[in-house]
1. Give the percent of DSSP beta bridges with both residues in the protein assembly as shown that are antiparallel, rounded to the nearest 5.
2. Counting only protein heavy atoms, what percent of the accessible surface of chain A is carbon or sulfur at a 1.4 Å probe?
3. Once every DSSP H run of n ≥ 4 in chain A is given -39500 (n - 2.57) and the sum is divided by its residues, what mean residue ellipticity at 222 nm do you get, rounded to the nearest 500 deg cm²/dmol?
4. Any chance you could tell me what percent of the C-alpha pair distances in the protein assembly as shown go past 37 Å?
5. What is the Cα radius of gyration of segment A:25-199 over 2.2 N^0.38 Å, N being its residue count?
6. Assuming R0 = 41 Å, can you tell me the calculated FRET efficiency for the pair B:Gln184 and B:Ala236, based on Cβ-Cβ distance, to the nearest 0.05?
7. Probe of 1.4 angstrom, ligands and nucleic acids ignored: what's the accessible area per residue over the protein assembly as shown, in square angstrom?
8. Taking loop as defined by DSSP and a crowding limit of 10 other beta carbons within 10 Å, which trypsin sites (Lys or Arg not before Pro) in segment B:168-248 fit?
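The values are calculated or read from the model by the stated rules, or taken from the named source; none is laboratory data. Only a predicted model underlies this, so the values are computations on that prediction, with no experimental measurement involved. Please note: Cβ atoms are built from the backbone with ideal geometry, for glycine as well, and neighbour counts cover all protein chains shown. Ligands, DNA and RNA are excluded from the accessible area calculation, which covers all protein heavy atoms including side chains. Shrake-Rupley method; radii C 1.70, N 1.55, O 1.52, S 1.80 Å.
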Amino acid sequence: MKRSILYPIMIALILCLAPLLIAAAKVGEAAPDFTATASNGQTVKLSANLGKYVVLEWHNNGCPYVGKQYNSGNMQRLQKQWTARGVVWLTILSSAPGKQGYVTASEENDYVAKMHAKPTAALLDPTGEIGHLYDAKTSPQMVVINPQGIVIYDGAIDDKPTTDLNDVPGATNYVNLALEQAMAGKKVETPATRPYGCSVKYAN
Amino acid sequence: MRRRNSKPAAIALGLASLLCGANAGATEAPIPHGTIEIIAQNESIEPGRDFNLGLHFQLEKGWHIYWANPGDSGEPPRVEWKMPKGVTAEEIEWPTPHRLGTSAIVDYGYEDAVTLIVPMRTETILAAQQTAQIGVQVKVLVCREMCIPGKAQVSLTLPIKSQTAAPNSKTAALFAAARKSLPQHAPKDWKFSVDDTISSFVLSGNLGHQTTRAIFFPLNESQIDNAAPQDFAPTAAGFRLTLRKSQQLLKPIARLKGVLMLSDDRAYWIEVPVSKPGAGQSNSGANVPPKHLLEEGKTT
């Protein structure tokens, strides 16, 4: 008798938990935790940043969509502007060794210096572990996490899915919108969009 | 990003058009790892009659371009027409795409070669001219492991004649192949429905016969998870296909629109209302075969 009651409950519990086990980051849910090595040698643990807003930026220095943001200076501007306001900005490099965008720590440090990039840290993710954890599809895909550790934005950097530098000035930047609205205590109006760009170069 | 010599090319084209007059402009131009060519189905244009142009992309092995919905990454080719008064271009007729990519990221597009047919409308005022020069600027993203954006300008000049235009024998094979690769209207007696479960859309099709395969290509972005396996189950008279929802889909959708590919590579445009989750009764005619499909289905 006991078995017959317990079984359905257990199965129901497993069914409830299953999505948590396989699911990647989803808007409105807790951001999956990770620990990674930054290009500057430091160890970064996402959950150590609870209490702050965190931006995740998927990066590949050979991707023309990323080039549009960096060569226009837009990404650096965003990094500077938001880290100045206490936001933790993590650039994530999920290209596998041998693939476009794969860099060593020192190559990434050179790139950051050359481009005058201002992330809090650039995280090396050659196994694609963090990328898969967030189901990152493209560079530059952007994720915004609130101080409670909840994903409040996941998707494209802006509403102009092109490689044209001229499209940067007129674009609506979804990261700005999400951070501004959340910091003002408002609801994030556009919490998810299709992330555009180059596919993340995971190992096959 | 450095523009791949587009400026000198543009200046050369501009000079050429000044020097050579109306016939200037090449029908073929390079794009990254390939070429684009503008082709006409007929030898001439008859004012008031519709006609077809084609954009033929020839790519190096392994390189691809994208469908109207590119899937997880990439972007579709974008066209900007330059035409005489009295000619207007319709939407591109997109051939059935292929699923491209690895397990984590799936795109929709075309490898090797593809011809995009573009129907053109004409008005009778065109009769006042002898020829019509039609140009197009194409922005296209060409990808293999990496992606390279390209821009090309091609144009062609067709004589305007009052009699019925004769088909161009040189382009006939390309147009025939392109037509064959277009999805068809789904037969009227086929019935489709879509159930909205929490995590998936379940697309059921009653075709009146069995099928060994069904693949769905969503026309709209961020509805289904492109990379998720599409769970196919044959039924006595059709199939059931479970499509995992996209992570970016936060609101219910009214319809699922796209291309359905069945056995033998036959593909069809379908547009199916989505039944509300839990609601047993129909919401304004689920199961009704799709109407106005090509009109709505082609545009994004």
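1. 85 percent
2. 59 percent
3. Working: 6 runs with 65 residues, N = 204.
That comes out to -9500 deg cm²/dmol.
4. Of all Cα-Cα distances in the protein assembly as shown, 38 percent exceed 37 Å.
5. 0.93
6. After rounding, the FRET efficiency stands at 0.95.
7. With the other protein chains kept in place, the protein assembly as shown gives 48 Å² per residue.
8. Numbers: sites: B:Lys170, B:Arg179, B:Lys180, B:Lys188, B:Lys191, B:Arg213, B:Arg240, B:Arg244, B:Lys245; in loops: B:Lys170, B:Lys188, B:Arg213.
Taking segment B:168-248 and a limit of 10 other Cβ atoms within 10 Å, the loop trypsin sites (Lys or Arg not before Pro) found are B:Lys170, B:Lys188.
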